[in-house]
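Following: one structure in structure tokens, then a few remarks.
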Amino acid sequence: MQTSWSAVAKGGVPPATALPPVSQHQPAKKQPAKKQPLADKSETIDKAVTHLAETIQAPRSVRIGELDIIIDNSCAMHQIPYSVPRNPAFWAAQYKEYRRRKAKGSKSAEAEKLAEPVKPAKPANWAALFQDHNSQNSSTKVSVVGKQAAQVEEKAGVRKFTTLEDVLENWCVKLSMPKVQPRGLVNTGNMCFMNVVLQALLYCGPFYNLLQCIKDNVVFSFGTSTPLLESLIMFMHEFKQDKAGLADLETELEEPFVPENVYDALQQKNVFQTLRGQQEDAQEFMSHLVDGIHEEMATVLQARQAQAERAGGSGWVEVGAKHRGGHMRSSHEATPITQIFGGTLQSVLTEPAVAGRAVQRASREPFRWLALDVSAAEVERLEDALDALAAPETIEGFVDAKGAPAAATKQTVLEHVPPVLVLHLKRFVFCADEGVKKVHKFIEYPETLALAPQWLARGAGRQRSRQYRLSGVIYHHGSDASGGHYTCDVVRAGDEWVRFDDVDISGLAGVDAALEEKKDRTAYILFYTIKEAE
């Protein structure tokens, strides 16, 4: 009698009925031991079923739905049912296991135990975490290649790192990067400002190489104090390295994805609080993201420094509130982020001459990108905006040491210029009568930017001969500061330029497509990377 599961749920398991005797081939009488091959698979299954049937004493069954529930004496006593699979393949596997165990009867009990699955070893680094452990051949190939690469690097004198602190303290900027296969980013609702910044940073050679170095060398662990850095490494891993040209890849590009790891890390760190669907400023987001990574790195370095000081017993401790020891957290501390993007401005204040001699006071201010005013009518080129930045300006209301009004000037020049020079064109300005409005005019910018002497401080030295090559442009579409759309152009490798518009990817004819004036968009953030010595 067949019973439904709903009926069992309401009234319980019905009484079991006796099973009919099992009709199977009876085993032959025991003969002298001879090794004879089994007739076929069906005979093997029949013998297995017979063997198992003989071990069940007075079985009874209950059919519920599509299952036959078999109840033996011991189970009936405790009213505990158990099911027996009806698939013959299951019995064949059981019989095979039975014969294997019987053949090993002469071995020790320890050898008879089934081998427990080996627990995967803790990843030695980020690269090991991302390896495909399902393929033994693949793993072997990766290990051999890694060993050969290590030997080559050792011969070449390249430093191998073991910890994150080791990387942060000893890493050096490397400009060239491998070709990365483009991949689109899904816009989940006005998130284009994040997408363009992530794409521009990914194709920034030194930044990519930094993430790759950490991924290949640093021990992986979750729950650390660097969630933003880890999220960028996970983001980078979503992109394959491929030497093929974009024209050959258009039909083989990976599916677009949502950079959830970066979103989650930003919310976890309270670095950039925004809601999905709320448009934000791309430059502001980039500032929060890069500064957040810098702060994580600075915290790691400060922890190592504090540990070294405690071990060394220097006796010097910074005293904070209530006479408690503390450690100062400085946003100016040197990290790989400052090596890539960090520069220094020198501000020179010139006071009126005293006893025939002018008094000058200089101060330094670090920067990770330069904000350039482009609202003035005379600013038509990028060089004009840099001239305006370095031009002396008169300080109104300045008084001398005696309290009398005096004419003083202030000039801001570049003292140190980073390998990656990021220039923010200030498109949004405040007007008393109109509020915040956008500067729509086209600003011409060159493919190669040479640093003019008037932009540099006297002690700039070798930086006077530096030249920078355009490597990325972030555009703003629209006329409002609180809305619009963002896209970007980046150089993939050599002279190959790629345009990203969320999930849409297109190849450009060359750098001229990034330099020319566009009717529907204006350049907002420019990335210039220093040229390698030829």
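The values are calculated or read from the model by the stated rules, or taken from the named source; none is laboratory data. For clarity, every value in this text was computed on a predicted model and none was experimentally measured. Note: ideal-geometry Cβ built from the backbone for every residue, glycine included; neighbour counts use all protein chains shown. Side chains are part of the model used for accessible areas, which takes the heavy atoms of the whole protein and leaves out ligands, DNA and RNA. Shrake-Rupley method; radii C 1.70, N 1.55, O 1.52, S 1.80 Å.
For A390, state whether it is open to solvent by less than 40 Å² (accessible area, probe 1.4 Å), under 23 Å from Q463 (Cα atoms) and touching a residue at least 24 places away in the same chain (Cβ under 8 Å). In short, yes. Of all the numbered requirements in (1) surrounded by 13 or more Cβ atoms within 10 Å (Cβ to Cβ); (2) at negative phi; (3) out of contact with any Lys or Arg (no Cβ under 7 Å at 6 or more places or on another chain), G484 misses one, and that requirement is (2).
Each row is one residue, and each column tells you yes or no for (1) of a type in the set (K, R); (2) open to solvent by less than 40 Å² (accessible area, probe 1.4 Å).
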{"site": "L449", "(1), (2)": "no, yes"}
{"site": "R462", "(1), (2)": "yes, no"}
{"site": "Y475", "(1), (2)": "no, yes"}
{"site": "A514", "(1), (2)": "no, yes"}
{"site": "D520", "(1), (2)": "no, no"}
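Listed by first and then second residue, the pairs with beta-carbon distance under 7 Å, at least 6 apart or on different chains, first residue in segment 433-445 and more than 9 Å from A481 (Cβ to Cβ), second in a strand (DSSP E or B) and open to solvent by 20 Å² or more (accessible area, probe 1.4 Å), are V439/V429; I443/R381; E444/R381. Quick one: is L228 crowded, with 23+ Cβ neighbours inside 10 Å and touching a Pro at 6+ places or on another chain (Cβ under 6 Å)? Taking the combined requirement at face value, the residue does not satisfy it.
Screening segment 437-447 for residues that are out of contact with any Phe, Trp or Tyr (no Cβ under 7 Å at 6 or more places or on another chain) and open to solvent by less than 40 Å² (accessible area, probe 1.4 Å) and picking the one that is farthest from S465 (Cα to Cα) gives V439.
Residue count for segment 334-349 under the criterion of being under 21 Å from R458 (Cα atoms), in a loop (DSSP other than H, G, I, E, B) and open to solvent by 30 Å² or more (accessible area, probe 1.4 Å): the result is 0. Scanning segment 191-212 for any residue that is open to solvent by 30 Å² or more (accessible area, probe 1.4 Å) and either within 28 Å of Q307 (Cβ to Cβ) or small (G, A, S) (or both) turns up at least one such residue.
Scanning segment 397-436 for residues that are more than 41 Å from the chain's Cα centre (by Cα), surrounded by 10 or more Cβ atoms within 10 Å (Cβ to Cβ) and of a type outside the set (A, V, I, L, M) yields F398, D400, P405, T409, K410. Summed over segment 254-271, residues that are among the aliphatic types (A, V, I, L, M), at pLDDT below 90 and outside any helix (DSSP H, G or I) total 1. The residues of segment 378-387 that are open to solvent by 40 Å² or more (accessible area, probe 1.4 Å) and farther than 18 Å from R466 by Cα, listed by number, are E378, E380, R381.
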